[in-house]
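J.: I am attaching a structure below and will ask some questions about it afterwards.
Coordinate-derived values only; no laboratory data. Not measured: the values here are computed from a predicted model. Note that each Cβ is placed from the backbone with ideal geometry, even for glycine, and that neighbours are counted across all protein chains shown.
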Amino acid sequence: MFTFGWGEIFLIVIIVVVVIGPKDLPKFIKQIGLLTKNIKKISSDFKSSINEIAEESDIKELAKSVKEVKKIKDGVDIKKNFQKEINIVEETVKDVEKNISKSEK
């Protein structure tokens, strides 16, 4: 983005010393330090809040997937399906037994 060489940095330092003055220069440097510290803190807070939002959306998607699986599981009742098949087989066996007993008589 911006590239500063040593010449430009030296020129900026001279301008700052002339404009602010050597007496107020330590206060100015301290304020610049505090400003950069605050900017870094704000940046860190912003990144962490973005990460939290991303994690929350991942958790919501996971919860949604779990609910879908539960719905599918509830829709497919294995025991009920097996019981239906067993009932059909039992009826078939009874019919065959009746036919055999009739043919024996």
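J.: Taking a temperature of 20 °C and a viscosity of 1.002 mPa s, what whole-number D in µm²/s does Stokes-Einstein yield for region 12-104 with Rh from Kirkwood over alpha carbon pairs?
T.: Once the numbers are plugged in, D ends up at 100 µm²/s.
J.: Pull up the cross-link candidates among the lysines for K84, meaning alpha carbon to alpha carbon under 30 Å and not fewer than 8 places away within one chain.
T.: Partners within reach: K67, K70, K71, K73, K94, K98, K102.
J.: How about K37: which lysines have a C-alpha closer than 18 Å to its C-alpha, ignoring those fewer than 8 places off in the same chain?
T.: Candidates past the 8-residue exclusion: K27, K47.
J.: Taking chymotrypsin sites (Phe, Trp or Tyr not before Pro) as candidate sites, keep only those in a DSSP loop with at most 16 other Cβ atoms within 10 Å, then name the longest stretch of the chain containing none of them.
T.: Maximal segment without exposed cleavage sites: 5-105.
J.: Rounded to whole Å, give me the distance from the Cα center of region 56-104 to that of region 1-17.
T.: Result: 79 Å between the Cα centres.
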